[in-house]
1. Compute the FRET efficiency between residue 260 and residue 325 as 1/(1 + (r/R0)^6), taking r as their Cβ-Cβ distance and R0 = 41 Å, and round to the nearest 0.05.
2. Between the range 222-243 and the range 276-344, how many Å separate their Cα centres?
3. Report the full-extension gain for the segment residue 272 to residue 137: residue separation times 0.36 nm, less the Cα-Cα distance, to one decimal in nm.
4. Note down the nm distance, to one decimal, between modelled labels 7 Å out along Cα→Cβ at residue 252 and at residue 384.
5. Can you give the FRET efficiency to the nearest 0.05 for residue 363 and residue 162, using r as the Cβ-Cβ distance and R₀ = 30 Å?
6. Sorted from fewest to most neighbouring beta carbons within 10 Å, what does the list 282, 191 look like?
7. Would you kindly state how much longer the chain becomes between residue 54 and residue 299 on full extension, computed as 0.36 nm times their sequence separation minus their alpha carbon distance, in nm to one decimal?
8. Taking the Cα-to-Cβ direction at residue 236 and at residue 64 and moving 7 Å from each Cα, how far apart do the two end points lie in nm?
């Protein structure tokens, strides 16, 4: 996660350096020629050092305060990441399901696998919506990575109510916020400038959904939004899971070896000993995405109810869009573009073919790409297919004969 955010925050660091270069230069020794190599760089480095130290003092004081308040506080409860806060995407908007642990005042909690300090408050209150009061839960989850690098988020927060949510992250060099309210998503990324001055906006955008935001600003979405989401969840929830993808492309066959492994596990899923059944289910989960494909192509005619239940439970664990109609997904351009990032080349090839049918022409995307290269190619497709066209240009002069034009 830290490496991912280092890449994301790099533009902030570069912009920060650029801002320093344009600041008032340090006094120059008149005996030293202004054209001497390195003199401007020395001045910039000195300003940068002073700048960093002023901000560092403030941030270090903030970190010490958090450490003093929370490091020795008792842990009220330990959660899995999904139990504390589970984010999902529905109709292009974020949804958050949080723990119902009551905490009228902030308490310290722990998250399995995380060394950060976590805090939680959850209160019930009455809020008015459209003139009608309603009982609303207000949840505030804080995360403090006190040993984070300067370029990493050291303080992040997730705030959720029945009607809105927001995320905030802060590093030494800047801050970022993402909020969603009344169906509108806002993103603001800022960098710290000189001491005592307002932050400088690096990126500001709003959209009617997270999907639209990603389509209109794919590079910034990957640089800024994904790392902030990653502080609280695995951001892969934004992509379809193996069960979603393989359900939409029924023509893709399972690997013969994986299908054989699945068939060998089937009898043990209904073993007399429950320990044997659980062990078989665990081995089934280890088959991963290829196993999901084999399970979806499995003929369930002769399976017992226990076997069906365990196979279907395994498949549902790889489904991120429950309730979606596979046939409709197949016609969804956004879904097809997401499939261009899927790790199975057969899926990428099928998704490209469907996109070309919808576009009525070939599209310029290499299905052999994987990883970051595939993500970049998919971002280009999002801009091409999903981003709205630019508004028409407003003429600067009136056409001849327009009423009111000077003659």
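Any read-out appearing in this document is the output of simple, stated calculations on the displayed coordinates, not a laboratory observation. All of these numbers come straight from a predicted model, not from anything done at the bench. Quick reminder, even Gly has a Cβ in these numbers, built from the backbone with ideal geometry, and neighbours come from all protein chains shown.
1. Numbers: r = 31 Å, r/R0 = 0.76.
Computed FRET efficiency for residue 260 and residue 325 comes out at 0.85.
2. Here the two parts' Cα centres lie 20 Å apart.
3. Working: separation 135, 0.36 × 135 = 48.60 nm, distance 4.49 nm.
That works out to 44.1 nm of additional length.
4. Taking the simple label geometry, residue 252 and residue 384 are separated by 2.0 nm.
5. Numbers: r = 41 Å, r/R0 = 1.38.
Efficiency for this residue pair is about 0.15.
6. Values: 282 10, 191 22.
Fewest-to-most ranking of 282, 191: 282, 191.
7. Working: separation 245, 0.36 × 245 = 88.20 nm, distance 6.67 nm.
This chain segment gains 81.5 nm when fully extended.
8. The answer from the label model is 4.2 nm.
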